[in-house]
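Note sheet for the following structure.
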Amino acid sequence: MKSHILPKALTRPEFKGGMFFQAGEGEKPQKRRTSWYDQRICTAEGEKMFADLDDFAIKELRRKRLVWSGFGPANRIEPDFLLEKTKETSIPGRGVRIINFSNTRALDRWCASLLWRAAVSRLPEMSQISVSVHQIDFLASYVLGRSDENPFPVTFTQLNSRGPIHNQTPTAETVCPPNSTGLAPWRIFRFYLDGLLIHFQRDESVSERQGKLILGSDDETAVICVPFVESFQAERLIGLIEETHRQFPNAIPRPKPKPKDR
């Protein structure tokens, strides 16, 4: 079965019939019409379950305006409150939204299903998502509703102002927590979807300290908001484009200047 690892509806080109340029560090960009899918990861029954989870999650994320395709005519979603600036968190406009989801468990199961799909896929683009066989079994049990605990607790970071439409492969990263003098960095898996970052926590002791940031830990979920232009996502995207143009000057067409008004 042709199973999308990341939902097609959240990884569309900017306009119908458009193309994606897929690139990585030191790799020549490739044209794609859709995001990554793997025909070898599940049966027809499994794909139907994923489709149902995807349908619910896409509608919920758009309804709560957590993804760019749910913004409507707005270019920016204001946080419920701004975070106080410090030397460690000096990002202008950074804040927090408090979200009440209609079905937090279903949304968390959907997140776990994304991680499971990436972990079992043999696509080279998913190579950083490496977990043990036992962890894959635990993820599958949670996605199927046979257990009550996600082995990789989820937090959300929203890019609450629009940026260019793009895709990014899931990555394994080490994060330095803000305001964390004396605290060790923590490990995450990082997924990007339509302006929303999904972080899967890989260190249990860290997730225990994050309170409402953990999806499902409370009736309300705290979502960190960062304007796109101030985000690490923007910095990473700009760096990748510049590197690609430097190594492969003709691989990606540069944007054409708009004609001047007469």
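The values are calculated or read from the model by the stated rules, or taken from the named source; none is laboratory data. Small disclaimer: the values here were computed from a predicted structure and weren't measured. Cβ sites come from the backbone with ideal geometry, for glycine too, and all protein chains shown count toward neighbours. Keep in mind that these areas ignore ligands, DNA and RNA; they rest on the heavy atoms of the full protein, side chains included. Shrake-Rupley method; radii C 1.70, N 1.55, O 1.52, S 1.80 Å.
Of all residues assigned to the range 153-168, at least one qualifies as being touching a residue at least 12 places away in the same chain (Cβ under 8 Å), in contact with an Asp or Glu (Cβ under 6 Å, 6 or more places away or on another chain) and open to solvent by 50 Å² or more (accessible area, probe 1.4 Å). Quickly run through the range 139-155 and pick out the residues that are under 22 Å from the mean Cα position of the chain (by Cα), polar (S, T, N, Q) and under 18 Å from MET49 (Cα atoms). Across the range 139-155, the qualifying residue is only ASN150. For the range 126-148, state whether one or more residues are open to solvent by less than 30 Å² (accessible area, probe 1.4 Å) and among the charged types (D, E, K, R). Checked the range 126-148: no residue is open to solvent by less than 30 Å² (accessible area, probe 1.4 Å) and among the charged types (D, E, K, R).
Among residues of the range 209-229 that are farther than 20 Å from TRP186 by Cβ, those with a Cβ under 8 angstrom from a residue that is among the aliphatic types (A, V, I, L, M) and in a helix (DSSP H, G or I), sequence gap 6+ or separate chain, pair up as PHE228/ALA234.
Scanning the range 87-113 for residues that are farther than 20 Å from ARG190 by Cβ, open to solvent by 50 Å² or more (accessible area, probe 1.4 Å) and at pLDDT below 95 returns LYS87, SER90, PRO92. Among residues of the range 205-246 being part of a helix (DSSP H, G or I) and at pLDDT 80 or above, the one that is least open to solvent (accessible area, probe 1.4 Å) is PHE228.
Evaluated against (1) at pLDDT 80 or above; (2) closer than 25 Å to HIS4 by Cβ, HIS166 falls short on exactly one condition, (1).
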